[in-house]
Amino acid sequence: MSVSRYLPLARGILLGAALAMASTAALAQKREFSFAYDQPKNSGYGIGAEMFNKKLGELSKGTLSINQYPGAQLGTEAQTLQKVQTGDIDFVMLSTANASTAQPESGVFSIHFIFRNEAHAIKVLGDPTVIAAMKELYAAKMKGAHMLGLGSQGLRHMYGKKPVEKVADIKGAKVRVQATVTEDTLFPAYGAQVVHMPFGEVYTSLQTGVVDMAENGINNYLVNKHYEPAPVLSLTEHEANNAALFVSDKVWSSLTDEQKKWVQAAADEVSRNEPAAAFKLEHEAQAKLEKIGVKVVKTVDKSGFAQISKPIQDKLASDLGPHAVKVLGLVRNIQ
């Protein structure tokens, strides 16, 4: 057989090998990251994760994506924050209140009545200056992970078996709160007793009377069925339910400069668009709750709460540290 007859076969083998190598290289470049949060997928966190994944997929042309672990599958917020710092989880979205376990100054975002309304909260969370200041705040103390963006689960409200129409209504009540210096200062100032526990224990604690009340966003109250043991929701709007998105330094350092830009751009998408979507979810959740017969108290006299919290705001920020003071100033100045 002449050499020329072997050429097409050789070319075919070489082409096949080249295609196989190209395919292997493409597969090697594809990466899927873990993305954890402690709420169900139909929550503000879930909306944020979807936005992040969609943008990341678009920018990376499908080479980078996330695998979501909702509903505290990988642990409580405090645990997932530790795991993202050790590199055992790649991305985590959690409340800025619970992030105060790693950086206490994060508690500045939990100070009561510094967010005037929904529109103000949405503006603050998408503001580049605020985002930069919060990144600095975490970088000052947090090791192993860093903040990429901000998010929301609406404003926080109080719920239990009785309505809260004024500050005197929570006097002596055992209220489950997030474990921050902010909560531990403000709730006792209103006359309440604070109780700390992981979010997953709140339902049973309300049921058994370990706590009289809890406080959270409306959608979280709905999807976690807290209305069953606590059928009265009082719209106190005392605090913003802010969140932050973190990436582990282990993942970050493994990315190319281009990939880092994609990841940051995906996080920017969350900061820009998730808060408004989360508030829309809050409105829808309220309508569902009213439809199933939950008592929603819309006429809360917030003046008593605000009066007590106002002189405490600056002292709290000052006690937390210089980054907290800076962030509080920025929040107040956004119109």
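Things to note:
- Any pair with Cβ under 9 angstrom, 6 or more apart, that starts in the range 251-272 at a residue that is more than 14 Å from Leu64 (Cα to Cα) and ends at one that is surrounded by fewer than 17 Cβ atoms within 10 Å (Cβ to Cβ) and at pLDDT 95 or above: Asp268/Pro128; Glu269/Lys54; Ser271/Pro128
- Residue check for Lys260: on the phi < 0 side of the Ramachandran plot, of a type in the set (Lys, Arg) and touching a strand residue (DSSP E or B) at 6+ places or on another chain (Cβ under 7 Å): no
- Residues that are open to solvent by 80 Å² or more (accessible area, probe 1.4 Å) and under 22 Å from Leu186 (Cβ atoms) number at least 1 in the following helices (runs of 4 or more DSSP H) confined to the range 250-335: 303-320, 322-333.
Conditions tested, residue by residue: (1) in contact with a helix residue (DSSP H, G or I) (Cβ under 9 Å, 6 or more places away or on another chain); (2) open to solvent by 50 Å² or more (accessible area, probe 1.4 Å); (3) of a type in the set (A, V, I, L, M); (4) at pLDDT 95 or above.
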site: Ile13; (1), (2), (3), (4): no, yes, yes, no
site: Gly16; (1), (2), (3), (4): no, no, no, no
site: Ala22; (1), (2), (3), (4): no, yes, yes, no
site: Gln39; (1), (2), (3), (4): yes, no, no, no
site: Thr63; (1), (2), (3), (4): yes, no, no, yes
site: Gly75; (1), (2), (3), (4): yes, no, no, yes
site: Ala78; (1), (2), (3), (4): yes, no, yes, no
site: Lys83; (1), (2), (3), (4): no, yes, no, yes
site: Leu94; (1), (2), (3), (4): yes, no, yes, yes
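- Matching residues, the range 285-335, being hydroxyl-bearing (Ser, Thr, Tyr) and closer than 20 Å to Pro104 by Cα: Ser309, Ser318
- Residues that are farther than 14 Å from Ile334 by Cβ and surrounded by fewer than 21 Cβ atoms within 10 Å (Cβ to Cβ), drawn from the range 96-132: Thr101, Ala102, Pro104, Phe113
The values are calculated or read from the model by the stated rules, or taken from the named source; none is laboratory data. Being a predicted model, the structure only gives us computed values, none of them experimental. All Cβ positions, glycine included, derive from the backbone under ideal geometry; neighbour counts span all protein chains shown. Keep in mind that these areas ignore ligands, DNA and RNA; they rest on the heavy atoms of the full protein, side chains included. Shrake-Rupley method; radii C 1.70, N 1.55, O 1.52, S 1.80 Å.
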